[in-house]
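Participant: First, the structure itself, so that you have it in front of you.
Bear in mind these aren't lab numbers, they're just calculated from the coordinates by the rules spelled out. From a predicted model like this one, the values you see are computed outputs, not experimental measurements. Neighbour counts run over all protein chains shown; Cβ positions are idealised from the backbone, glycine included.
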Amino acid sequence: MAEIIGALAKALGKGQKKVFAGTVSVADGDSIDTGLKSIDVVVLTPTADRFVSVTSVSGGVVTIGLKDTTGAAVTTAENVYILVIGDPQ
């Protein structure tokens, strides 16, 4: 399960950035609400032999693209590691 795990030790810019990290279970096209107001950085890593990408970011919500090795959309939820840095609410 992913959650906000704390603040960066050193503030970046004007505000204190928060870190959202963990494992999420997603299929292609699913969205993750990070609980952040805005997002600066997203890092995704699949736990299986998949291609994972960010298809869009809106406020604190990240939409995930998950494809298999042939390029077909993965329609059943699989675990993906996620790390997000952004501004708190």
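Participant: Among residues other than V19 whose Cβ falls under 11 Å from its Cβ, what is the net charge (Lys/Arg +1, Asp/Glu -1)?
Facilitator: 0
Participant: Still on this structure, please answer the following. Name the residue, out of D49, D33, D68, whose mean-square fluctuation peaks in a Gaussian network model built on the chain with Cα pairs under 10 Å.
Facilitator: D49
Participant: Would you please give the residues with an amide H less than 5 Å from that of D30, counting only those at least 5 places away or on a separate chain, with H modeled from the backbone geometry?
Facilitator: Here I64 satisfy the definition.
Participant: For a quick check: sort K67, K18 by the number of other beta carbons within 10 angstrom, fewest at the front.
Facilitator: The order, fewest Cβ neighbours first, is K67, K18.
Participant: Shifting gears a bit: Less than 15 Å Cβ to Cβ from V74, Lys/Arg counted +1 and Asp/Glu -1: what total charge do the surrounding residues give?
Facilitator: Neighbour charge sum, excluding V74 itself: -3.
Participant: I need the phi-derived Karplus couplings for region 32-42: 6.51 cos²θ - 1.76 cosθ + 1.60, θ = phi - 60°, integer Hz, Gly and Pro marked x.
Facilitator: Residue by residue, region 32-42 yields 10, 8, 7, x, 8, 7, 8, 10, 9, 9, 10 Hz.
Participant: Quick one: Karplus J couplings for region 52-68, per residue in order, coefficients 6.51, -1.76, 1.60, θ = phi - 60°, nearest Hz, x for Gly and Pro?
Facilitator: Each residue's phi maps through the Karplus curve to give 10, 8, 8, 8, 6, 10, 9, x, x, 10, 10, 9, 9, x, 10, 10, 8 Hz.
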